[in-house]
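The values are calculated or read from the model by the stated rules, or taken from the named source; none is laboratory data. Keep in mind it's a predicted model, so treat the numbers as computed, not measured. Quick reminder, even Gly has a Cβ in these numbers, built from the backbone with ideal geometry, and neighbours come from all protein chains shown. What goes into the accessible areas is simple: the full protein's heavy atoms, side chains included, and nothing from ligands, DNA or RNA. Shrake-Rupley method; radii C 1.70, N 1.55, O 1.52, S 1.80 Å.
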Amino acid sequence: MTIDMKPEVQIDANYYKIAEIRRLTEHAFILSMPRSRFKFVAGQHVSLSIPGDYQSREYSIYSAEGGTNLEVLVKEVDGGYFSPKLSHLKEGDMVEVHGPFGKFGLDEKNLKNNKHVFIASGTGIAPFHSMVQSNPGLDFHLIHGVRYADEAYERDAYEAGRYTLCTSRDDKGNFRGRLTEYLKKTDFDKNTSFYLCGNSDMIFDSMEILSDKGFGRENINVEVYF
């Protein structure tokens with residue numbers, strides 16, 4: 001996509017300058033870029049690459065639809081190829097962004113009538129942060145499964161009582177154990193829309209648990225991180 005500045009000059013609008021890098025943990029961080037004319041619906045993702053590199057990765061958008069910046073949440077993978085390169089970027093460096101892509105988003109037909117339960121593992125919380133920030137007053141409950149409590153990325157962004165942290169390796173969350181164990185022990189209103197984002201094992205296990213509780217596929221929206 002290009003922007004016409006003058007008839008003889010074109011600037012590639014897919015290139016964005018890093019405005020800020022927010023370190024959340026030793027390995028997790030947020031890349032923040034001026035949003036400019038970029039438009040998206042909360043829940044969508046982008047393809048991100050570094051100029052001159054042959055690889056790209058997809059990341060859910062973390063920021064609000066009407067926010068000043070376009071943000072993605074990244075966790076550096078030990079031994080990975082791409083995320084360590086992103087981790088070494090500095091403010092002012094350029095990245096290439098394509099998108100937005102995907103149809104993962106809020107259930108518009110039941111937006112006002114249903115409770116919206118977000119189920120995330122790790123950085124799968126990113127699209128839910130975007131949904132919450134983009135929809136003030138939304139009736140939601142966010143269930144976040146991590147290993148340690150310091151992976152509760154920016155938990156203060158959510159209203160008290162609407163965020164449940166499930167920690168599998170320490171006692172500093174709201175629930176000690178995997179989020180799937182929390183789901184088994186929790187009752188949900190029949191007028192609930194569920195949204196699952198994270199690794200495939202968590203998603204398939206959660207769908208089975210919700211099915212046993214009487215919720216069909218029409219109640220469940222899924223975004224899988226492989």
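List of remarks:
- Taking the conditions (1) modelled with pLDDT of 95 or more; (2) surrounded by fewer than 22 Cβ atoms within 10 Å (Cβ to Cβ) in turn, MET202 satisfies each one other than (2).
- SER60, sole failed condition from (1) closer than 30 Å to ASN191 by Cβ; (2) assigned to a loop (DSSP other than H, G, I, E, B); (3) among the small types (Gly, Ala, Ser): (2)
- Of all the residues in region 148-167, those that are in a loop (DSSP other than H, G, I, E, B) and under 17 Å from the mean Cα position of the chain (by Cα) number 5.
- The numbered conditions (1) touching a helix residue (DSSP H, G or I) at 6+ places or on another chain (Cβ under 7 Å); (2) open to solvent by 60 Å² or more (accessible area, probe 1.4 Å) are all true for TYR62 except (2).
- GLU181 vs. criteria open to solvent by 40 Å² or more (accessible area, probe 1.4 Å), of a type in the set (Asp, Glu) and out of contact with any Pro (no Cβ under 9 Å at 6 or more places or on another chain): yes
- Tally of residues being free of Cβ contacts under 8 Å to residues at least 40 places away in the same chain and open to solvent by 70 Å² or more (accessible area, probe 1.4 Å) across region 132-164: 9
- The residues in region 168-191 that are in a loop (DSSP other than H, G, I, E, B) and touching a His at 6+ places or on another chain (Cβ under 8 Å) can be counted, and the count is 0.
- For region 127-145, the criterion of being under 21 Å from SER63 (Cβ atoms), among the β-branched types (Val, Ile, Thr) and in contact with a helix residue (DSSP H, G or I) (Cβ under 9 Å, 6 or more places away or on another chain) is met by at least one residue.
- From GLY52, GLY67, GLY92, residue being in a loop (DSSP other than H, G, I, E, B) and out of contact with any Lys or Arg (no Cβ under 8 Å at 6 or more places or on another chain): GLY52
- Entry remark, region 98-131: residues being open to solvent by less than 30 Å² (accessible area, probe 1.4 Å) and in contact with a His (Cβ under 9 Å, 6 or more places away or on another chain) number 16 in total.
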